[in-house]
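Participant: One structure coming up, written as structure tokens, with questions to follow.
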Amino acid sequence: MEYGPDEWVRYDDSAAAEHGEDSDHRTAREVYRAAAALPDDPARLLAKIRSIYPTGDTTEDPPETEAQHSFRAMGLMVGSYPLPPAALARLYRAMATIPGVRVTDHLVKDAAGREAIAITRKEDGIHEQREILLDPHDFGYAGLRFVVAEDYEYALSDGAVKLQTIEFKAGQILTSEARTRAAVVDSRGEKP
């Protein structure tokens, strides 16, 4: 979801949550409280995160693995605002235990052109990796990217006839988003 500079999201937008079709949607209040109550033990924390953000499409073939589910759910939680700093530290410690998760050895650029730390995991069964981007100064959430993990070709067809082949190169950015600012205010129209 994209918000303009003067748009805002209610801290307890329970009406939107009740009518939303996204099973991963949680209000900021729900996420804050859930994050504050997360256990210290990484395995228990990951299990809790997976229960907060359940696997979406159960008909997906192949189904989402536990590690992929954990990393996707972690991205949703870490990208929430606001979060208690102690909870964020527990989330990062638990994220490091997910199989396949690594931190790039260099800074990358987010969608706003700023340098960011990329915590990555190759998506299971496809040629992409998900990257959770963190601000290198305060380690807060900076954005999310999907990047081609390895060279591959994708053939477009209309069923029987091959129409076009698209080549993808390792490192190519497929999608990228950046959080440029966020703040908590008492009411609509107030400026931080």
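The values are calculated or read from the model by the stated rules, or taken from the named source; none is laboratory data. Values in this document were obtained by computation on a predicted structure and should not be read as measured data. Neighbour counts are summed over all protein chains in view; Cβ atoms, including those assigned to glycine, are modelled from backbone coordinates with ideal geometry. Surface accessibility is based on the protein's heavy atoms, side chains included, excluding ligands, DNA and RNA. Shrake-Rupley method; radii C 1.70, N 1.55, O 1.52, S 1.80 Å.
Participant: What is the percent carbon and sulfur in the accessible area of the range 65-142, measuring with a 1.4 Å probe over the protein chains and ignoring ligands?
Facilitator: Details: 1980 of 3470 Å².
Of all accessible area on the range 65-142, carbon and sulfur atoms account for 57 percent.
Participant: Which of the peptides 107-116, 124-133 is most tightly packed, and how do the rest follow, judged by the mean count of other Cβ atoms within 10 Å per residue?
Facilitator: Final packing ranking: 124-133, 107-116.
Participant: What FRET efficiency would be calculated for the residue pair Ala182, Glu66, taking the C-beta separation as r and a Förster radius of 25 Å, to the nearest 0.05? Don't jump to the answer; show the numbers that get you there.
Facilitator: Working: r = 30 Å, r/R0 = 1.21.
After rounding, the FRET efficiency stands at 0.25.
Participant: Distance between Cα centroids, the range 78-96 to the range 131-163: provide it in whole Å.
Facilitator: Cα centroid of the range 78-96 versus Cα centroid of the range 131-163: 23 Å apart.
Participant: Tell me which residues come under 5 Å, amide H to amide H, from Phe139 once H is placed; ignore anything under 5 positions away on its chain.
Facilitator: Excluding prolines and chain starts, which carry no amide H, there are no hits.
Participant: Here's a follow-up. How charged is the neighbourhood of Tyr141? Take every other residue with its Cβ under 11 Å from the Cβ of Tyr141, and add Lys/Arg as +1 and Asp/Glu as -1.
Facilitator: Computed value for this residue: -3.
Participant: With θ taken as phi - 60° and the coefficients 6.51, -1.76 and 1.60, list the Karplus ³J(HN,Hα) couplings across the range 167-177 in order, rounded to whole Hz; mark glycine and proline as x.
Facilitator: My calculation for the range 167-177 gives 9, 10, 10, 3, x, 5, 7, 8, 9, 8, 9 Hz in order.
Participant: Now for a different question. Taking R0 as 41 Å, what FRET efficiency do you get between Arg93 and Ser157 from their Cβ-Cβ distance, rounded to the nearest 0.05?
Facilitator: 0.35
Participant: Rounded if a/c is under 1.5, else prolate if a/b is larger than b/c, else oblate: which is the range 39-192, with a ≥ b ≥ c the root eigenvalues of its Cα gyration tensor?
Facilitator: Values: a/c = 1.85, a/b = 1.45, b/c = 1.27.
Prolate, since a/c reaches 1.5 and a/b exceeds b/c.
Participant: Per residue, how much accessible area does the range 46-180 have with a 1.4 Å probe, in Å²?
Facilitator: The answer is 54 Å² per residue.
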